[in-house]
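Let me begin by presenting the structure, written as structure tokens, before commenting on it.
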Amino acid sequence: MRFLTTAASLISFCLGTWAIHESDVGVVDWHKHLVGVPLYGSTATAPAFHFIGNRSLIFSGTSSNVIAALDPINGSVVWRYVFDAEDPVTGYYKIEDTITTISGPGGATLRSFDALTGNLLLEKRLHKPELGALSTPISLGKHVTSLPNSKDLYILTNGCTVTSIDGTTGEVKWTWTSPDQGSLIIHSKLILTHDALFAVGIAKSTASYTIHVTSILPSTGEIINSANIPSKVEDPFTEFTVLTRSDVSKPVVLWLEKGTIGHVALTPTLKEKAKPIIMGDVFRKFTDIGLIDYGQVLLLKEDGSNVVLKLDADGRLANSKWEFEASLISAPDVAHTFGGGPDSQGNPYVARVRWSPNLDIAVDAESTSDLAIDSRILVTTSTGAVQLWDRGGLKWSREEALATVTLAEFVEIPERVASASPVTASEGFVARVARQILEARDFPQYAVNFVRRFITGSYASPTSSAAPTTSTSAQGISRDTFGFRQIIVAATGLGLGRVYGIDSSNGDIVWSRTLGLGWAAAVGGHIQPLKLYVTKTVSDGGDPEVVLVAQRRADNGLLDTVLFHLNALTGSDATRRSKDDAPLEGHDVIQGPLVESFLLNAEQKIVIFFDEYLQAYLYPDTSEAKEIFAAVAPTLSFPLRTSVEDRKRVIGHQIAVSKGHHKSLAHPTWSLALPPGEEVQMLLPRVRGPVASIGKVLGNRTTLYKYLNPRLFTVLTAAPARSMCGIYVLDSMKGTVVYHAEVKANLRGCNVKTSFVENWLVYHYFEGEVAGGTAGGAKGYRMVSVEFYEGQKVDEKTKSSEISSFSNDTINYHYYEKSFVFPYDISALATTSTKFGITTKDLIVATKNHRVQSFSRHMLNPRRPNRKTTAEEQEEYLVTYDPLLPNDPKRVISHHYDVAKAVKVVSAPALLESTSLVLAFGLDMFVTRVAPSNTFDVLSENFNKAQLVFTISGLLLAILITRPMVKRKSLREKWYTS
Amino acid sequence: MARIVFLLQALSWITLALAFDIVGKVSWNDVCRNAKALGQAKASLDEGVYSGGITAEGRFTIPDVPEGTYLLSILSHDFTFDQLRVDVTNASLPEVRPYIPGTPFDPPSSVLLPYPIVLSAKEKADYFVPPESFNLAAMFSNPMMLLMVGVAVMMLGMPYLIKNMDPEALEEFKEQQAKMGSIQNAFQSGDIKAGFSSIMAAAEEQSATSSTGPQRGGAKTRGSKRTKR
């Protein structure tokens, strides 16, 4: 085994770095370019069709904080702009051929993009983010407007400030802030006519709201007038709207007052009188369907039907002749929603989508059409899919829920079982001969295949695609030669409640399930996945199974812990309780929140849950599982975080197995009190995996034995008062602090990323202090690499992986650490993992400049000497320490893919020891293969069968030529030698 | 109310005095020709709390930067840019200096760069390695391969060469070979002394041959030299 390790490292060093060929793009890897689930809550961010020149595009703001332009023809992403987390998009506005966005607290930043290409044209800070007022919904109090063929933009931010800027240079022309600073009146909309700019808002008055309008001179920002419109609005979001039209000079403010509509036309002097409209009906609310700038709004009647209220070209109000009847009457279980949009000529259209609640639910619809029959409708389902329906047929669909994936695991899949014909013992001679003849009919094909394979040398190679060439849907999914084809089980966040099974070879969605709400379906609620465990692997026999632990928050406030048990190959319920076409129903494990859960990997894989009272629940809850649990429970320990008297603590627990009917209870055994003001950010267990070698042989033939205490875990802490961040490595049984380091927090707080595998700990942070001690006083990101070894010096062995945690030797260790200057900010990191752990573990990081990059373990070796290497050190492939880590673009495994906002990197072993599968997810999803020590276990890619055949045939030829010569010579020798 | 507005205005003046907008430009060059090639990129100070997007014209503005010493870097997916040290002081303009990653941040470089900042892409990342393919010419241009071919040719051609040699030269050659053989044997059997003595003997003989050289026929000398090779 050690030989293999040495060989692996040797090969990796001799052949340089493993890198990807251009021809491998899309073969060994795939990338899903996603934009996130559209935010349909407000028309400022909701998806809408817009015509740019003669091209139609779909624009949307999304829950992943992205502004995206989609192509309505095929659903591809034309462009997207990914915003930072601290800069949330509050809305986008189409102005001429640009898309203008407002983002950040209170609308701090204005950006303007070319609508067709997504090029950033202008970025302007309107106010400091600290001065931003928070609002709910987030789009309230922000608006952008402009006149056609004018460069000037009028921007409302913070609900109280109106700024006029030049749309090309960003130069501020004037700024007006309402006298009350937004404390009394919140402006929600800007209406621009040729004569005046109207800032329309609502003012709080007793028990209701009053509409307030300020008219401003657009050129100078001078106030013309400011007035309250005598009105009483109870809900400002649904009972108040403003209709405009580009060909109407007087915009109209509409509001509902006790079921009747009031309206007033806006003139610069604000002298018009408010009038009610008597329509004989009682109205409940206005629904903005994105057409208020085209003078149309939807009005809900008391009886549930809807009418469209229209502003005529001559400035009069009229309701539509037709109306959408209430769904209650037509079919009680059919829900509906409305959408609207203009066509290329600017004629508005309204569409209604109706659906049955048993199906996926559509909640947003946009329509654009030349004729009513030629309509395109964009639908966002409650499960996060974006679909385009063209004339009643589904044209394309995007699974944007994958942009919200929070948990994902690789699951190995079984080999295809050759369908052997049943052989019965009582088979007669004739029957057997007949069967064998029948079976032999495949022989010619086999022989032909064999010869072809032998000659052409077309074997499966680690750089070939693992996806099947033919559709094998009938036989189900099966693995490829090297196990690159696995199922990625991914659970989505954001309460979308979806689980996906994704083929790791090509990114196809093999299955997807909606998580059922159980009893909460009646009151509504949402499901937040917490943990995902693979409870049955291929080696256990049968189909692999996964358990998803989730938290269900019902809308009535009750919180439960639910467990979903799935077959990873098909997505069907492993307990066979729910049907494949119905939502997947879970088991309510705990009536309350989950404190912690673990997967016990004993003879049987058991999931252990702890509730608030630290009672242990088992899944599966069988007597066999209980016995196994009772047998191993005394050796189990786990840490939890608590706070006692304002001081945060990490408390270790052990489990007392109950003999009777009560549940087993966990009890505290040790506690680590953190300094006052220091908070626990995260508890991270050591990454588990096979350890191939327990030591490292040095150049001078001594051995450093790895400190492999299996109970270690990492704690990340933050002390905001001292602006320090802590990294602890603790023993979960005793609470011994094995390693502790403190680094400076930065302006964003503590953002330390860490990974701990085998005896190797790495952490990444920003060193902001100039000349901050390590890495030669450089400023920038740091990656610290720490390796733990047994004993105090070389050749000391304590068998740390096996000894009892109560042995004194558990604290007999030493470590090496080195700090390196890291080129980027990172959002996630992980180490590669392989089947036997022989291959070097490289570090895979997802960087903030949208790359997934691997960093060599050799370069991160903390034993790199600070001087010229000696011969012995060279034998170990140690390189002289250089604070700067080499940043080799050849190691960017995501190459030109833009892998944005990765939140997690997951690696999984393939069947080939040399190769590891890597998945990065967050906004995008990216899967590739890496071979940190090169593919030493298969023929190298430059191995060439032709060359081999050529050489052998050359040798054969040489033998054939020399053979008669040698024969002649030996014959002559026999004749002439005496 | 007017007083509040005044106070706020005063406050905004104070913030203006404390914070500075850092402006700069990415100048397009042969490495990165336009904003489309650059993609979504931003200029960021330190860990990115202060940052500004790079527009289609290549301009960026990092707004409201308080006093301090910062490391300016351009975050781009495909391109590498130089890092700069930016000192925002209460002087009118920030001081911009080059910075080489991995070197101490202090003391600052004595080179002052102009402000507004102008940066250009240093290189475009090349993510791929060319595939190694089988090439007969390349295979034979490999020195190892050439050596092997040479040895094979010698092996095949040697008997003929020996056969065609004139008997005298052959005699000499055989003698030489026998000597070499004895030296090798001596070393292999561990008899270093004997080995050295045989080398010495060979050398002596050689010098003797060369000294007697002119008295012999020219053609023969040439022949013997050839065989020695």
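Laboratory data are not the source of any read-out in this text; all were calculated from the coordinates shown. No experiment lies behind these values; they were computed from the predicted model shown. Note that each Cβ is placed from the backbone with ideal geometry, even for glycine, and that neighbours are counted across all protein chains shown.
Table for the structure above
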{"read-out": "Sites matching trypsin sites (Lys or Arg not before Pro) across region A:88-183 that sit in DSSP coil, with at most 14 neighbouring C-beta atoms within 10 Å", "value": "A:Lys151"}
{"read-out": "By average C-beta atoms within 10 angstrom, highest first, the peptides B:41-50, A:690-699", "value": "B:41-50, A:690-699"}
{"read-out": "Mean Kyte hydropathy of 0.0 or more with a Cα span along the axis of at least 30 Å, helices from DSSP in chain A", "value": "A:945-976"}
{"read-out": "Rh by Kirkwood over Cα pairs, then Stokes-Einstein D for region B:16-124 at 1.567 mPa s and 4 °C, µm²/s", "value": "92 µm²/s"}
{"read-out": "Rg/Rh ratio calculated on Cα atoms of region B:60-128 (Kirkwood radius)", "value": "1.00"}
{"read-out": "Sites matching GluC sites (Glu not before Pro) across region A:793-888 that sit in DSSP coil, with at most 15 neighbouring C-beta atoms within 10 Å", "value": "A:Glu802"}
{"read-out": "Centre separation in Å (Cα based) which lies between region A:94-152 and region A:875-902", "value": "37 Å"}
{"read-out": "Lysines with Cα under 20 Å of A:Lys904, excluding same-chain neighbours fewer than 8 positions away", "value": "A:Lys32, A:Lys531, A:Lys753, A:Lys841, A:Lys848"}
{"read-out": "Cα-based Kirkwood hydrodynamic radius, chain A, one decimal, Å", "value": "32.9 Å"}
{"read-out": "Partner lysines for B:Lys163 [C-alpha distance under 26 Å; skip if fewer than 8 residues away on the same chain]", "value": "A:Lys967, A:Lys969, A:Lys974, B:Lys174, B:Lys179, B:Lys220, B:Lys225, B:Lys228"}
{"read-out": "Options A:Ile73, A:Ile20, A:Thr43, ranked by Cα towards positive dipole end of region A:11-147, top entry (Cβ charges)", "value": "A:Thr43"}
{"read-out": "Among the listed pairs A:Lys818/B:Lys122; A:Lys124/A:Lys151; A:Lys696/A:Lys799; A:Lys285/A:Lys310, those beyond 18 Å (Cα-Cα)", "value": "A:Lys818/B:Lys122"}
{"read-out": "Of the trypsin sites (Lys or Arg not before Pro) in region A:195-295, those whose Cβ has at most 10 other Cβ within 10 Å and which sit in DSSP loop", "value": "A:Lys258, A:Lys271, A:Lys273"}
{"read-out": "Using θ = phi - 60° and Karplus 6.51 cos²θ - 1.76 cosθ + 1.60, couplings along region A:275-280 (whole Hz; Gly, Pro as x)", "value": "10, x, 9, 9, 10, x"}
{"read-out": "Rg in Å to one decimal, and Dmax rounded to a whole Å, for region A:81-227 via C-alpha atoms", "value": "14.7, 49"}
{"read-out": "Helix-only [θ]222 nm of chain A, DSSP H runs n ≥ 4, -39500 (n - 2.57) each, per residue, nearest 500", "value": "-3000 deg cm²/dmol"}
{"read-out": "C-alpha center-to-center spacing [region A:651-724, region A:579-619] in angstrom", "value": "23 Å"}
{"read-out": "Region A:853-931, Cα convex hull volume normalised per residue, Å³", "value": "121 Å³"}
{"read-out": "Reciprocal mean inverse distance between Cα atoms of region A:453-607 - Kirkwood radius, Å", "value": "17.1 Å"}
{"read-out": "Other-chain or far-sequence residues with amide H under 5 Å of A:Ser894's (modelled H)", "value": "A:Val852"}
{"read-out": "Unit charges on C-beta of K, R, D, E only; dipole of region A:768-885, Debye", "value": "440 debye"}
{"read-out": "Residues with amide H under 5 Å from that of B:Val118, placed H, sequence gap 5 or more", "value": "B:Lys25"}
{"read-out": "Charge dipole magnitude, Cβ of K and R +1, D and E -1 - region A:577-670, Cα centre, debye nearest 20", "value": "380 debye"}
{"read-out": "Inter-label distance for A:Gln604 and A:Val172, nm, one decimal - labels placed 7 Å from Cα along Cα-to-Cβ", "value": "6.9 nm"}
{"read-out": "Kirkwood-type radius of region A:677-822, with distances r between different C-alpha atoms, in Å", "value": "16.2 Å"}
{"read-out": "Dipole magnitude of the protein assembly as shown, debye to nearest 20 (Cβ charges: Lys/Arg +1, Asp/Glu -1, about Cα centre)", "value": "3400 debye"}
{"read-out": "Integer Hz, Karplus 6.51/-1.76/1.60 couplings in order for region A:598-608, x for Gly and Pro", "value": "9, 9, 8, 9, 9, 4, 10, 7, 10, 9, 10"}
{"read-out": "Dipole of chain A [Lys/Arg +1, Asp/Glu -1 at C-beta], most positive-end residue of A:Leu960, A:Leu131, A:Thr241", "value": "A:Leu960"}
